[in-house]
Every structure is written in C-alpha cells, then in structure tokens.
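The structure appears below as structure tokens.
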Amino acid sequence: MKVAYFLGALNQGGTESLILDICTRCKSLPYQMVCIYRKEGNLSNLFHASGAPLMYLPKISVLMQYIYTLRKALIKEKVDIIHAQTPSSALLCIFAKIGLNIKLVSTMHGFTFRNANPIYRDIIFRNSDRVLFVSEYEKAYYGGRIRIKSQDTKFQVIYNGINFDKINQSKQNIEFSLNIRPKLVMVGNFNTVRSHLVVVKSIAKLKEKGIANFDFYFVGKRTQDLEYLYDDCVQFCEKNDLDNVHFLGARDDVPSILKSSDGFVYSSASDTFGIAVVEAMAAGLPVIVNDWVVMKEITKNGQWATLYESENVVDCTRKIEDLLNNLEVRKAEAKEIARQVREEYSIERHIERLDNIYRLVVRG
C-alpha cells in the first residue's frame, strides 16, 4: 500500500510539521509513502533531510496541464491513496485521479470554508473516500452544515500527532536558565485565532495586587496585516509598566523554552486543535487555558489543565495567581499528566490511526 501526501508550500505550520514528522519515520511506517509538494519553503531542508521520497511538482499557469502532470506522477508512483492536506490540493486530486483506482483522503485542518463558496466544500466531501477532522468540535462544525450522520464512517476524527522527541532531546535554554524567578510562557502567533490581550490584562491585574515577581514570555510573530494585535499588547504593557512581560517573536527553539519554563498560559479564540497546548502539557508544564470548546476537548474537560472562563480577565488572573502560589505542587501534578498526554497525542499513535483508516479505504 502506497500513500502520497499532497502539500502546498513546505513552510512552517502545523500541517507541514505533522507531515514532516511522518516523513522522518518513513522507514518504519507500516505503508510506503511519497510526499508531493508544489512550492519550496523554510522547511524544505528538513523535508529533504528526512529521508522520505519527495516529488516537486511546481505550480504552472495552465491548470489542466498541472492536473495532467499530477495524474502522470500518481500513475508512475503506483499510488493507492492520495492524502490531501489542503482544500486546493484535494480539488486538484479529484480531477487528477478520474478513471484511476486511487482513493482520496482529505484532512480539514481548520475552518477553510467558513467564508468560501460551499460548492467547493461539497465537491471535496462528496468525492473523498474519507474526510478527516482534527477534533470533534471541527467535525461538529462541518456536520451542522452538511448533516453528517453519527454512523457515517466516511467522516472521522484523528487528532494531530506530535513528535515528543523534540521536547525530550531539547536542552535548557540559557537565556531562561539565568532567570531564577518563575517563568510563564504562551506560544502562538499574534492573529485572530488567539486572544493575547486577555493574558496581558491579567498580568496587569496581578501587578495591581502586588504580584509581579515572575516573568511572562510571549513566543510568536507579529502577523502581516494583523500587526495591531501585537502592537496593542506591546503598547498596553508599556502604558502599564509591565516590565516583566517579554515579546520574543518567532522562535525555532520552542521545545527548549518549554523545558526551561515553569508554567504555560494560553488564550484561544477559535483554535480547531491546539498543538501548542498539547506540547506544553507533554513537556510537564502546568497549563492554564480558557474553556474554548476545543481546549476542553484536548484537556479532557480540564482534567489535564486548569480552565478559565473565556475572555474573563478576572478569572484568568485568579487562575494564574493560584498557579504562582502553588507552583511546586502544580508542577508535580503536571508530570503525571504529561505521561497521559504523550500516550494520547504521540505521532506514533497518529500514524497507527492513519494506517487503520488507509487499510479500510483500500479494502473499500
């Protein structure tokens, strides 16, 4: 059985990182694989170093010519299943495999069709042999629009798998280890998926209560066309003299930062999974996160993390204060939670679940 993973650009992102982790395990996979992509990116070197077979099919201006090129590649590689990771990839695959005995699996990695013409969504769902969602919430979101029946096995949830080796092999961050004060962190780019300002306002509330003997680090880039989300947080900190808040920008040493931190605080607005939260729990950090439906799902309804009411600065402040006052106890509890999280969300478990689905699809 041979599976082709079809991607767009090899740029940093949750989807690309997931496929990269599968590529690095290509020799131990229970199936053969090839990764087809349309554009190079900042992860290209890592993909090429993974040892996985790669096929570069760059975009061309004539759409039908590209579809024909993709079709020839699928035939040459003797592909049994093509796994599309984006809606545009899925649409290309649908036309490229016409008349071929190749199955199509499509994964929805977000609310791509929220503002798009539903015709494209319906074409993909109708012509895919399996449609995978990254959370029950995401499946329910689409289910409310296409009336997915509970017994319909065509639509399934598979949680993203995470390579915990990155955390295991990381070393203490020198920059962090020099600071002996408690260190809390939030990881995530400044965009509409998250509510960084809720956390910043909570830190200001803590200062009003005389609690400032800790440092808070935001890891994430200032997103193009949404610069105000980053700027508002920075200006709020300057206005309120929050000199214990630090903006680190985009970093490639997140596992090291997690390993050097004492706690993790997160505020979601519309995540469909929450890789950063899972990684923090797996790193053995006490986690505080808002009760956004997906966060409740991935933390087992708060069994693996402390939940606060979404957008409620007072509640968030209270939960951070409790963490700081009971830090060693919470860190000890987090170590046991990490073991359970790793069992549920490992890349190995993800691959095992994919393999089961692929085999069912091939058998028809």
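Length gained on full extension, Lys331 to Glu136, computed as 0.36 nm times the residue gap minus the Cα-Cα distance: 67.3 nm.
Measure nothing fancy, just the Cα-based angle from helix 196-208's long axis to the longest principal axis of the chain, in degrees from 0 to 90, nearest 10. With rounding to tens, the tilt is 10 degrees. On the beta carbon distance between Ile211 and Arg251, with R0 = 35 Å, the FRET formula returns roughly 0.85. The largest accessible area among His246, His83, His48 belongs to the first residue in His48, His246, His83, and the rest follow in falling order (1.4 Å probe, all chains). Against the chain, whose longest principal axis comes from its Cα atoms, helix 87-96 is set at around 10 degrees. Cβ-Cβ distance of Gln303 and Asp231, R₀ of 56 Å, FRET efficiency by 1/(1 + (r/R0)^6): the value works out to about 0.95. Each label was represented as a point 7 Å from its Cα along the Cα-to-Cβ direction; for Glu238 and Arg339 these points are 4.9 nm apart.
Here the chain is treated with +1 on each Lys and Arg Cβ and -1 on each Asp and Glu Cβ, and its dipole about the Cα centre works out to around 1600 debye. Computed with a 1.4 Å probe on the full set of protein chains, the accessible area for Arg145 sits at about 120 Å². Each label was represented as a point 7 Å from its Cα along the Cα-to-Cβ direction; for Arg359 and Arg318 these points are 4.9 nm apart. The figure for Ile298 is an accessible area of roughly 0 square angstrom, using a 1.4 Å probe on the protein chains alone. Estimated from helical segments only, the mean residue ellipticity of the chain at 222 nm is -13500 deg cm²/dmol, where each DSSP H run of four or more residues counts as -39500 (n - 2.57). In terms of distances greater than 18 angstrom between alpha carbons, the cross-link table entries Lys39/Lys154; Lys166/Lys221; Lys72/Lys97; Lys259/Lys331; Lys205/Lys296; Lys183/Lys239 yield Lys39/Lys154; Lys166/Lys221; Lys205/Lys296; Lys183/Lys239. Going by a ≥ b ≥ c, the root eigenvalues of the Cα gyration tensor, does segment 160-294 fall in the rounded group (a/c under 1.5), the prolate group (a/b larger than b/c) or the oblate group? Judged from the Cα gyration tensor, segment 160-294 comes out oblate (a/c at least 1.5, b/c at or above a/b). Each part reduced to its alpha carbon centroid, segment 38-54 and segment 286-364 end up 30 Å apart.
The values are calculated or read from the model by the stated rules, or taken from the named source; none is laboratory data. Keep in mind it's a predicted model, so treat the numbers as computed, not measured. Note that we place each Cβ from the backbone using ideal geometry, even for glycine, and neighbour counts take in every protein chain shown. The area values use the complete protein model at the heavy-atom level, side chains included, leaving out ligands, DNA and RNA. Shrake-Rupley method; radii C 1.70, N 1.55, O 1.52, S 1.80 Å.
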